[in-house]
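Here the structure comes first, spelled out in structure tokens, and everything after it is commentary.
The values are calculated or read from the model by the stated rules, or taken from the named source; none is laboratory data. Quantities reported herein were computed from a predicted structural model and do not represent experimental measurements. As a convention, Cβ positions derive from the backbone with ideal geometry for all residues, glycine included, and neighbour counts pool all protein chains shown. For the accessible areas, the whole protein counts, side chains as well, though only heavy atoms, and no ligand, DNA or RNA atoms are used. Shrake-Rupley method; radii C 1.70, N 1.55, O 1.52, S 1.80 Å.
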Amino acid sequence: MTELLLCVSQEERRVPFKFKMTGINVYTFEEALYHFYQYWKQSIDEIVSDEFITWVNDALGLTYLAAKIKRLVNVSALTERVTSFLMLTDYFDGQSMSALREQVENWETRLEWERLKDKGDYLMKQGDPGWASLYYKKALAFSKNSGGAGSSRILNNLGIAMMQMSLFDDATEYLEQAAALDPSSIQLALNLAEAAVFARDFDKAARVLKRVESVESGSPDIPYLRGELNLAAGDIRSSIEYFERALKINPDPHYIYRLADVYVKLRQYERALETLKRVTENDKVLLKQAEVYVMSNNVPAAIRCIERALISRGGSVELWVRLAMYHRLDYDIERANSAIVKALSLDPENDMARLENARIKKAMGRTKEYQSTLHQVLLGMKKKYRETTV
């Protein structure tokens with residue numbers, strides 16, 4: 001017999017709760033349950049946070065559930081907290097709960113540093129190296145307390161997070177520590193060389209690459225990083241030769257993008273676009289082509305690239321923001337505004353969308369809206385920075 005599952009809140013709710021780690025908005029308690037069932041590793045702390053309890057109590061009006069969730073704050077055992085939360089209503093059946101319980105129990109037996117590293121790895125995949133680095137630092141502290149197990153992997157990932165934030169001196173320091181813990185790892189040495197290049201420690205980068213080359217001469221990353229080294233040192237034309245060497249070993253799209261960047265630096269835009277044709281057309285290469293067109297002052301061509309990318313990724317906030325920006329640069333403010341409205345409808349709290357919205361408001365002469373929007377964005381960025389540095 002089919003059984004209907006009724007929502008605990010029968011009225012339409014407009015105020016969402018945004019799970020920080022996943023970036024997903026939920027509007028009902030059932031959506032929150034489903035989200036937690038899918039992303040319990042990332043949300044284990046958030047479902048007992050003051051913000052979530054307040055949302056359940058005030059925005060949803062479910063005071064009795066808010067009181068029950070508040071009691072879960074004192075439940076330290078992960079499996080008990082996860083299952084107790086999911087069983088607050090009859091949303092999940094016994095089979096689903098049994099399967100999840102087994103997953104949680106297995107994860108709970110892992111060391112604390114492993115669980116923290118998992119969270120950091122998830123955030124890196126989500127494109128948030130700042131928040132990921134916070135978890136990696138906590139994982140590193142627990143790892144040291146456990147005799148240093150996993151420290152080289154944590155340090156490596158922390159170094160990569162620092163590189164993604166352009167903190168290259170810090171990245172070099174962490175990766176040097178990682179390489180010292182695992183001197184036989186070629187990948188750690190290559191990561192260190194890359195960080196040293198962008199930290200402008202060219203002597204260190206050259207020494208590391210020479211050492212790697214003596215052991216693993218066939219790696220395409222060696223000529224690629226020598227290309228980066230020459231590019232950073234100002235020998236732009238020599239970098240072309242090294243990037244081409246890397247591409248002969250492995251036609252990695254990243255090497256192609258970097259070679260195109262060299263031609264852009266030389267203002268050889270046609271050669272840059274020809275280089276990008278080596279990659280099968282996809283959203284990423286269309287974005288790269290658009291950047292080259294903008295650099296060559298051909299904004300209409302850049303707009304066409306983004307429009308092609310939107311055919312397959314119409315739900316991409318990044319693409320809609322980019323389209324809005326390019327319409328603004330092309331002085332078509334009406335279309336720019338339409339594009340940014342679409343971006344904000346997909347993610348109202350996206351910082352890049354809100355910043356572009358502020359720029360468009362300024363271009364429209366709506367100075368007060370520009371100042372107000374910019375102020376709100378900056379406040380949000382400061383709040384996020386405080387959250388990642390506690």
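Quick notes
- Here Thr389 meets the list (1) among the polar types (S, T, N, Q); (2) open to solvent by 60 Å² or more (accessible area, probe 1.4 Å); (3) at pLDDT 90 or above almost entirely, failing just condition (3).
- For Asp182, the conditions (1) open to solvent by 50 Å² or more (accessible area, probe 1.4 Å); (2) within 17 Å of Ala232 (Cα to Cα) all hold with the exception of (2).
- Residue satisfying condition, being aromatic (Phe, Trp, Tyr), crowded, with 19+ Cβ neighbours inside 10 Å and more than 26 Å from Pro16 (Cα to Cα), within set Tyr331, Tyr326: Tyr326
- Per the conditions (1) farther than 30 Å from Gly218 by Cα; (2) at pLDDT below 95; (3) of a type outside the set (A, V, I, L, M), the sole criterion not satisfied by Asn337 is (2).
- Residue that is surrounded by the fewest Cβ atoms within 10 Å (Cβ to Cβ), among those in region 204-244 that are charged (D, E, K, R) and within 24 Å of Ser152 (Cβ to Cβ): Lys210
- Met21 part of a loop (DSSP other than H, G, I, E, B), of a type in the set (A, V, I, L, M) and either modelled with pLDDT of 90 or more or closer than 28 Å to Met124 by Cβ (or both): yes
- When the residues of region 191-203 are filtered to those that are farther than 20 Å from Asn157 by Cα and part of a helix (DSSP H, G or I), the one that is most open to solvent (accessible area, probe 1.4 Å) is Asp203.
- In region 18-32, residue surrounded by the most Cβ atoms within 10 Å (Cβ to Cβ) [restricted to those that are touching a residue at least 40 places away in the same chain (Cβ under 8 Å) and hydrophobic (A, V, I, L, M, F, W, C)]: Phe29
- Residue in region 347-367 that is among the β-branched types (Val, Ile, Thr), open to solvent by 40 Å² or more (accessible area, probe 1.4 Å) and at pLDDT below 95 present: yes
- Test for Asp170: is it over 30 Å from Leu273 (Cβ atoms) and buried (at least 16 other Cβ atoms within 10 Å of the Cβ): yes
- Flag if Arg153 is open to solvent by 50 Å² or more (accessible area, probe 1.4 Å), assigned to a helix (DSSP H, G or I), over 29 Å from Ile69 (Cβ atoms) and touching a residue at least 12 places away in the same chain (Cβ under 8 Å): yes
- A single entry from Ser84, Ser9 fulfils the requirement of being modelled with pLDDT of 90 or more and not aliphatic (A, V, I, L, M): Ser84.
- Restricting region 33-57 to residues that are without any contact (Cβ under 8 Å) to a residue 24 or more places away in the chain and part of a helix (DSSP H, G or I), the residue that is nearest to Glu105 (Cα to Cα): Gln38
- Lone unmet requirement of (1) under 25 Å from the mean Cα position of the chain (by Cα); (2) surrounded by fewer than 17 Cβ atoms within 10 Å (Cβ to Cβ); (3) touching a residue at least 12 places away in the same chain (Cβ under 8 Å); (4) within 27 Å of His254 (Cβ to Cβ) for Cys305: (2)
Here's the yes/no breakdown for (1) touching a Ser or Thr at 6+ places or on another chain (Cβ under 6 Å); (2) modelled with pLDDT under 90; (3) of a type in the set (Asp, Glu):
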| position | (1), (2), (3) |
| --- | --- |
| Glu108 | yes, yes, yes |
| Asp118 | no, no, yes |
| Trp131 | yes, no, no |
| Lys138 | no, no, no |
| Ala141 | no, no, no |
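- Cβ-Cβ under 6 Å pairs, at least 6 apart or on other chains, region 251-279 side open to solvent by less than 40 Å² (accessible area, probe 1.4 Å), far side basic (Lys, Arg): Ile256/Arg278; Tyr257/Lys288; Tyr263/Arg271; Leu276/Lys288
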